[in-house]
Amino acid sequence: MPRMRIAAAAAVLVALCSSAAAQDWPTRPVTMVVPFAAGGAFDVLARVFSPYLSMSLGQQVIVENVGAAAGIVGTNRVAKATPDAYNQTLYKKLPYNAATDFAPVALLVEQPMVLLTRKDFPANTLQEFIAYAKANATKLQYGSAGVGSTTHLSCALLNTAAGLDITHVPYRGGGPVTADLIAGQIHYMCSNSASAFPQITGNTLKGIALLARSRSPLLPTLATADEQGLAGFEAITWNAFFMPKGTPAAIVKKLNDATIEAMNTPALKDRMHELGVTLVAPERRSPEYLQTFVESEIAKWGGPIKAAGISAD
């Protein structure tokens, strides 16, 4: 079974105000729009990253949640803006062509997905989960942060790999779907590790499998899908900063420099480790690397998504 790597959420700088010369940018606060509801994994990462980026840029980075249509509303706000200044949007990139519509800045982090169930789900291992789900398929529902989101794709591909056909219930963000899973309104979801680990350790949800090649040192008791019978199955999300196509190279470089400075901050490194999120290696942080990486990811995902019959329509 091929490795499954979920497509990225990305942050994009766009002009929603008067332009600034590259040497002066930024001269006012930057708004980071998260096109998902508060409390989800991407919102958590945005709020952790923003103060360090603020220090690097010398201007405040303000996080704003605009959750709708699996990130499409926030993404359109980015894609239709002019390419030179202050609105930074953290968004799921699935409905758009990241290889051609944006100027890449820096790849930031990677994190594995986790299969989570409500506390009373009658299974404790992946094989028990699959057996129960097959026997009760018409009664079960899985939730996601929205159609086409990482939480949707990872569970849809997991279902395909396990031979499951379960009803999908899309929400407007990771926060609301997690809340309903805790409340018992749905049966399972696939969550980013940054959101999943606190729920597992807090005993509010049950962790069934880590969708990664190896166990996490932060939660070593959680077995991987691979070692529980789904050989080679892995679902990894990545996050990056992009700017609109046509952004001056000098501004792209300023954001890249500021991002790398933030990533090298010891306190940020520690916080990312606590969340189970891995900062990418220094040699993977350049705009050139991100461009090549995005192109390879788009090519890699076309086949598996089509084969699984996943559509964002």
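Could you pull out every residue, at least 5 positions away or on a different chain, whose amide H is within less than 5 Å of the one on Met32? Hs are placed 1.01 Å off N in the peptide plane, and Pro or chain starts have none.
Ile62, Val63, Glu64, Gln88
Using θ = phi - 60° and the Karplus curve 6.51 cos²θ - 1.76 cosθ + 1.60, what whole-Hz ³J(HN,Hα) does each residue of the stretch 284-299 get, with Gly and Pro shown as x?
10, 9, 8, x, 5, 5, 4, 4, 5, 4, 4, 4, 5, 5, 4, 5
Where in the stretch 185-227 is the amide nitrogen less than 17 Å from a point lying 7 Å along the Cα-to-Cβ axis of Lys139?
So the set is 185-188.
Could you pull out every residue, at least 5 positions away or on a different chain, whose amide H is within less than 5 Å of the one on Thr224? Hs are placed 1.01 Å off N in the peptide plane, and Pro or chain starts have none.
Leu210
In terms of modelled amide H atoms, which long-range or inter-chain residues lie less than 5 Å from the amide H of Ala240?
Ala9, Ala10, Ala11, Leu108
Determine the per residue accessible area of the stretch 169-313 with all protein chains present and a 1.4 angstrom probe, expressed in square angstrom.
Here the per-residue accessible area is 44 Å².
Go through Lys134/Lys206; Lys254/Lys306; Lys139/Lys306; Lys269/Lys306; Lys119/Lys306 and tell me which ones have a Cα-Cα distance over 29 Å in this structure.
Where the Cα-Cα span goes over 29 Å, the pairs concerned are Lys254/Lys306; Lys269/Lys306; Lys119/Lys306.
Share of antiparallel DSSP beta bridges in the stretch 98-219, in percent to the nearest 5?
Details: 10 of 16 bridges.
Of all bridge pairs located within the stretch 98-219, approximately 60 percent are antiparallel.
Would you kindly derive the ³J(HN,Hα) couplings of the stretch 151-162 from the backbone phi angles with the Karplus curve 6.51 cos²θ - 1.76 cosθ + 1.60 (θ = phi - 60°), listing them in order in whole Hz, with x for Gly and Pro?
Result, ordered by residue: 5, 6, 4, 5, 6, 5, 5, 5, 4, 4, 5, 8 Hz.
The values are calculated or read from the model by the stated rules, or taken from the named source; none is laboratory data. Not measured: the values here are computed from a predicted model. Note that we place each Cβ from the backbone using ideal geometry, even for glycine, and neighbour counts take in every protein chain shown. Ligands, DNA and RNA are stripped out before the accessible areas are found, and what is left, the full protein with its side chains, is counted by its heavy atoms. Shrake-Rupley method; radii C 1.70, N 1.55, O 1.52, S 1.80 Å.
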